[in-house]
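So the structure is just underneath, and the comments pick up after that.
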Amino acid sequence: TLAAPAPNVALEPCSAFGGARALCGTLAVPEDPAAPRGRMIDLAITVLPATGPEADHRSDPIFGLHGGPGAAARYLAPVFANLPLRATRDVVLVDQRGTGRSNGMVCGTEDAAEWMLLGLRFDFDPSACPEFHADPTLYTTPIAMDDLDRVREAMGYERINLWGGSYGARAALVYLRRHPERVRSVVLDGVAPPSLKVPAEFPRTSQAALDLLLEDCAQDPACAARGDVAALLDGTLARLERAPTEVTVPFPGERDPVTVPFGRLEMASSVLYALYNPFTSAALPAAIQAAHEGIYEALASLGATFAAALRPTFSIGMSLSVLCAEDVPYFTEAEMDADARGTFLGEDFANGLHEACADWPSGSVPVGYHEAVMSDIPTLLLSGEGDPVTPPGFAEEAAASLSSSLHLIFPEMGHGQTPSPCGAAVVSAFYRSGSVDGLDTSCVTNVRRPSFTR
């Protein structure tokens, strides 16, 4: 029998994303915290109750925060469903305001080809968004983290443990700054510090991840036999810039394949998304060689797989509300172009964001929002050595002001370590002890990328 942990939130049995048994409910909060008698929105809550015989549903749970920005927390359920920590602790997943079933601000279309191009071009068009029952200026991270604390209070938890992945790591740091007395411990997986301006630094960080991959490729005889993969990539990107083509590839979840334009930007973005995952990055040199020979399907399929994973989880409106308030105003297109020069992503990547934000009602963030978060709460930071968007240097920056922290770098890995066997073991042990002292991290030294595709 699932035990209901919430005294002031009505929860009913449900199936979490991925099929795990769960409890689901909602909590109504003011859309505008400054107008508590105004419009209310429901926050969707999914609880994965602890499964062990000694489970204490009143103890401090784990609250999971998803990335994007724009992904709903409910889709994190598979990350936590089989972790060892589930034996003793509940996991609480609250769809952040503007995502999922928390007044989700979904824009665009369900058309697979359009979704694929959206992901490959990083080009959000506000005109594709419907008339929301929402004020987009009120869907920023600080307001959302105050929502999270309302959920904590309503569910009767004195303190909670935080888990944040990618943008969710930034959100966790914002919660830590605003509600430090309510936090027992924190895991940041793929750290986006408050200073990061998304996506201004992606061309530089993804180039570093690609360079690392190609260095490894040069040390592998079969991969090295492909020749100068960097030169093959540069030549293919230049050819596609002169003469874009079309590709037809399977799209996961769709019966029929999709056909999309495929030019320089689409190929470069496919490379970026392949670098997220060690299995797809291991296939990247072979896919680049095939693309150089005019066979683009392998590389385009990597982009299609990423877009298919994005489609059910992502709320473009919420993403714009966050990016247009917290990131885009703090860098210019000229600055981004300068940083992107000479990278495979190039100077056109995401330049449409400034235009999109000019048409999007933008909120604001508190003074000092981009400054480092200072805390002595035990914090475990996880990085993939080859992460193309939140590399280890970002975690080092965040850890510098977290006095009780430990930063682990997973060799050759990409974006997100908790789902791996080693990551799951270390994270579970950390939450059990609530301290970074004496943590067994020996498995990290044995982590390696899968063998390059032959």
Check: Mind listing which trypsin sites (Lys or Arg not before Pro) in the stretch 145-203 are in a DSSP loop and have 11 or fewer other Cβ atoms within 10 Å?
Finding: none
Next item on the list: Just check the stretch 32-116 against the gyration tensor rule for me: Cα atoms, a ≥ b ≥ c as the square roots of the eigenvalues, rounded for a/c under 1.5, and otherwise prolate or oblate depending on whether a/b exceeds b/c.
Entry: oblate
Checklist line | Within the chain: Cβ-based charge dipole about Cα centre, in debye rounded to nearest 20 (Lys, Arg +1; Asp, Glu -1) | finding: 1240 debye
Item checked: Local net charge near Tyr369, Cβ-Cβ under 12 Å (Lys/Arg +1, Asp/Glu -1) -> +1
Margin query: Taking 0.36 nm per residue of sequence separation and subtracting the Cα-Cα distance, how much length would be gained by fully extending the chain between Glu396 and Ala338, in nm to one decimal?
Written below: 18.5 nm
Note to self: Quick check: the angle from helix 167-178's long axis to the longest principal axis of the chain, C-alpha only, nearest 10 degrees?
What the structure shows: 30 degrees
Notebook entry, point to check: Using θ = phi - 60° and the Karplus form 6.51 cos²θ - 1.76 cosθ + 1.60, what ³J(HN,Hα) does each residue of the stretch 372-379 get, whole Hz, x for Gly and Pro?
Noted result: 4, 8, 9, 7, 10, 5, x, 9
Note to self: What are the ³J(HN,Hα) couplings of the stretch 21-34, residue after residue, when phi is run through the Karplus curve with 6.51, -1.76, 1.60 and θ = phi - 60°? Round to Hz, x for glycine and proline.
What the structure shows: 5, 8, 10, 10, x, 9, 10, 7, 9, x, 4, 9, x, 7
Checklist line | Assigned charges on the beta-carbon of Lys, Arg, Asp, Glu; the stretch 212-325 dipole about Cα centre (debye) | finding: 280 debye
Margin query: Give me the percent of accessible area attributable to carbon and sulfur for the stretch 68-193, probe 1.4 angstrom.
Written below: 46 percent
Next item on the list: Report, by chain and number, residues whose modeled amide H sits under 5 Å from the one on Ala71, excluding near sequence neighbours (fewer than 5 apart, same chain).
Entry: Ser315
Margin query: Check which residues have an amide H placed less than 5 Å from His415's amide H, if you skip close sequence neighbours.
Written below: Asn277
Item checked: Length released on extending from Ser435 to Ser403, taking residue separation times 0.36 nm less the Cα-Cα span -> 10.3 nm
Checklist line | Electrostatic dipole magnitude of the stretch 80-163 [Cβ: Lys, Arg +1; Asp, Glu -1; Cα centre; debye, to 20] | finding: 500 debye
Notebook entry, point to check: Measuring from a point 7 Å past the Cα of His370 along Cα-to-C-beta, which residues in the stretch 148-172 have an amide N at less than 19 Å?
Noted result: 167-172
Note to self: Please state the shape class of the stretch 269-411: rounded when a/c is under 1.5, otherwise prolate if a/b exceeds b/c and oblate if not, all from the C-alpha gyration tensor.
What the structure shows: oblate
Notebook entry, point to check: With the dipole of the chain worked out from charges on the C-beta (+1 for Lys and Arg, -1 for Asp and Glu) around the Cα centre, which of Pro392, Ser270, Pro285 lies farthest toward the positive end?
Noted result: Pro392
Check: If you keep only loop residues by DSSP, which GluC sites (Glu not before Pro) in the stretch 80-144 have at most 16 other Cβ atoms within 10 Å of their Cβ?
Finding: Glu110, Glu131
Notebook entry, point to check: Once a ≥ b ≥ c are taken as the square roots of the eigenvalues of the Cα gyration tensor of the stretch 337-397, is the result rounded (a/c under 1.5), prolate (a/b larger than b/c) or oblate (a/b not larger than b/c)?
Noted result: oblate
Checklist line | Long-range amide H partners of Ile160 with built H, under 5 Å | finding: Val183, Arg184
Next item on the list: Work out how far the C-alpha atoms of the stretch 190-259 reach from end to end along every principal axis, then list the three figures in whole Å, largest first.
Entry: 41, 37, 29
Notebook entry, point to check: Whole-Hz Karplus ³J(HN,Hα) for the stretch 331-338, in order, using 6.51 cos²θ - 1.76 cosθ + 1.60 and θ = phi - 60°, x for Gly and Pro?
Noted result: 8, 9, 4, 5, 5, 5, 4, 5
Item checked: Beta bridges per DSSP with both ends in the chain, % antiparallel, nearest 5 -> 45 percent
Check: If you wrap the stretch 332-454's Cα atoms in a convex hull and average its projection over all directions, what's the area in nm²?
Finding: 11.2 nm²
Margin query: If R₀ is 25 angstrom, what is the calculated FRET efficiency for the pair Glu12 and Asp149, using the beta carbon separation as r and rounding to 0.05?
Written below: 0.60
Checklist line | trypsin sites (Lys or Arg not before Pro) within the stretch 29-91: DSSP coil, no more than 10 neighbouring Cβ in 10 Å | finding: Arg37
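The values are calculated or read from the model by the stated rules, or taken from the named source; none is laboratory data. For clarity, every value in this text was computed on a predicted model and none was experimentally measured. In this analysis, Cβ positions are derived from the backbone assuming ideal geometry, glycine residues included, and neighbour counts consider all displayed protein chains. Areas reflect the complete protein model, heavy atoms only, side chains present, ligands, DNA and RNA absent. Shrake-Rupley method; radii C 1.70, N 1.55, O 1.52, S 1.80 Å.
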